[in-house]
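Notes to accompany the following structure.
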Amino acid sequence: MNRREFLETVVAAVPALGWQGTPANEWGSTVFDLHFHLRQQPAANLAHLDGAGVTKANLLTRAAALEQIKALQSAAPGRFTWFGSYDVSRPDAEQMLTQAAKDGAQGFGEMKFHVAADGPEFRRLYALAADLRVPILIHFQEVDHFPNEGTWATGYAKTFESILKAYPKTTFIGHADAFWANVSADYHNEAAYPSGPIKRGGVTDKLLGDYPNLFGDLAANSGNNAMSRDAEFTADFLKRHQNKLFFGSDCSCSDGRGGGTSQSNNPAASRMTGKCVARETLTVLKRSTSAEVFQKLVWGNIHKLLKIPA
Ligand SMILES: [Zn+2]
Ligand SMILES: [Zn+2]
C-alpha cells in the first residue's frame with residue numbers, strides 16, 4: 001500500500017479525520033472556556049465541555065473545593081485549570097487565597113461581592129494578586145437582575161481607572177454587566193443589558209486600550225449581549241483588543257446545547273433561554289473575526305496569560 005492509498009483508507013475508516021490527520025472541530029479551533037463554574041458531579045462538567053465543543057476550561061471555585069477539583073483534574077488530565085474565590089470582606093481572605101494559589105489556583109475568581117471595587121477589601125487582594133503573580137477576575141454589576149439583589153464590585157465606570165493606575169503590577173480581568181455595558185459611551189446604569197448600536201468611546205474600550213494590566217472576559221449574557229449589538233463595532237473592537245480578550249461561557253446549561261437553564265437565576269438574561277451561552281458566543285466571535293484572531297480569543301490568549309502550554 002502506498003502513502004496515498006493508506007491515507008484514503010484512513011479517511012474512509014474515520015470520516016472525522018480528514019486529510020490533515022487532525023480531529024475535526026466544529027469551531028475550527030480548539031477552545032478554552034475561561035469562565036466555567038465547577039459543577040458537583042465530575043461528569044456534569046465534562047458533559048458541558050464536550051457538548052459545546054470545548055477542549056479545556058478554567059474552573060471558578062470557592063477555595064474549599066480542592067478535593068473536587070483534584071478529582072476532576074485526574075478524571076480528565078490536561079482539561080482543567082482553576083481560579084479560587086473567597087469572601088473579600090472576611091479577615092482571613094488573604095490567607096485563604098494565598099493557600100489556594102499554593103494548592104494550584106492560577107488566579108483569583110470569580111470575585112463577586114457586595115463591596116466597592118475601590119474599597120479596602122478589594123485593594124488588599126489587588127496587592128496580593130500582584131505579589132503572587134496571578135490574575136484577578138471581577139464581576140462588576142450596578143443594576144439588579146431581581147428585586148433586592150444588590151450591586152457587586154461597585155463604581156467601575158467612575159473609579160476603576162484609578163485602581164488600574166494604582167496597581168500596575170496586578171493583572172485584572174473584567175467581567176459582567178457593568179464592564180460590558182460600558183463599551184458604549186452613552187451608558188449610565190439604566191439597564192443591566194442595554195441594546196442598540198454602540199456609541200464609540202465607552203469606558204471599557206478606552207481602559208482596554210490604555211492599560212496593559214486590564215483584560216476582558218467575554219463570558220455570560222453580558223459579554224454576548226455587548227458583542228451582539230453592533231456588528232461593525234464588534235468586528236473593530238475584537239480586532240483592536242485581540243490580545244486582551246478571552247472567550248468564556250459562564251453557562252449553566254446541562255449539555256452544552258442549551259438544555260436545562262443557561263443563565264441560572266437571572267430573569268434579565270431571558271434572551272439566552274434554551275440556548276448554550278458558550279455556543280452563542282463562539283458563534284458571534286467566529287463570524288466577527290478572522291480565523292487568526294478567533295484562535296487568539298478562544299485559545300491562544302489565555303494560555304499565554306496563564307503561562308501554560310497550548
Ligand atoms: Zn459573574
Ligand atoms: Zn451551555
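The values are calculated or read from the model by the stated rules, or taken from the named source; none is laboratory data. Keep in mind that this is a model prediction, so the values were computed, not measured. Glycine also receives a Cβ, built like all others from the backbone with ideal geometry; neighbour counts cover every protein chain displayed. Ligands, DNA and RNA are stripped out before the accessible areas are found, and what is left, the full protein with its side chains, is counted by its heavy atoms. Shrake-Rupley method; radii C 1.70, N 1.55, O 1.52, S 1.80 Å.
Quick look at the values:
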item	result
Members of the stretch 228-256 that are in contact (Cβ under 8 Å) with a residue 40 or more places away in the chain, open to solvent by 10 Å² or more (accessible area, probe 1.4 Å), under 29 Å from Pro267 (Cα atoms) and in a helix (DSSP H, G or I)	Ser228, Ala231, Ala235
Index of the failed condition, Phe80 passing every other in (1) touching a residue at least 40 places away in the same chain (Cβ under 8 Å); (2) open to solvent by less than 30 Å² (accessible area, probe 1.4 Å)	(1)
Pairs, first within 16 Å of ligand 2 (Cβ to nearest atom) in the stretch 168-183, second part of a loop (DSSP other than H, G, I, E, B), C-beta under 8 Å, six or more apart	none
Residues within the stretch 200-226 that are open to solvent by 10 Å² or more (accessible area, probe 1.4 Å), part of a helix (DSSP H, G or I) and not charged (D, E, K, R), tallied	3
Condition broken by Tyr193, with the remaining ones in (1) within 21 Å of the chain's Cα centre (by Cα); (2) of a type in the set (Phe, Trp, Tyr); (3) closer than 30 Å to Gly104 by Cβ satisfied	(3)
Odd one out for Glu94 among (1) touching a residue at least 24 places away in the same chain (Cβ under 8 Å); (2) out of contact with any helix residue (DSSP H, G or I) (no Cβ under 8 Å at 6 or more places or on another chain); (3) within 23 Å of Leu305 (Cα to Cα)	(2)
Positions within the stretch 266-282 being within 15 Å of ligand 1 (Cβ to nearest atom) and at pLDDT below 95, in sequence order	Asn266, Ala268, Ala269, Met272
Wholly enclosed helices (runs of 4 or more DSSP H) of the stretch 87-199 bearing at least 1 residues open to solvent by less than 30 Å² (accessible area, probe 1.4 Å), of a type outside the set (Asp, Glu) and within 29 Å of Thr234 (Cβ to Cβ)	156-166, 177-181
Qualifying residue in the stretch 52-72 (condition: of a type in the set (Gly, Ala, Ser), open to solvent by less than 10 Å² (accessible area, probe 1.4 Å), within 16 Å of ligand 2 (Cβ to nearest atom) and in a helix (DSSP H, G or I))	yes
Selection within the stretch 272-289 - within 14 Å of ligand 2 (Cβ to nearest atom), open to solvent by 50 Å² or more (accessible area, probe 1.4 Å) and not in a loop (DSSP other than H, G, I, E, B)	Glu280, Thr283
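Conditions tested, residue by residue: (1) within 16 Å of ligand 1 (Cβ to nearest atom); (2) closer than 30 Å to Gln40 by Cβ; (3) touching a Gly at 6+ places or on another chain (Cβ under 9 Å); (4) modelled with pLDDT of 95 or more.
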residue	(1), (2), (3), (4)
Asn189	no, no, no, no
Met227	no, no, no, yes
Asp230	no, no, yes, yes
His241	no, no, yes, yes
Phe246	yes, yes, yes, yes
Ser264	yes, yes, no, no
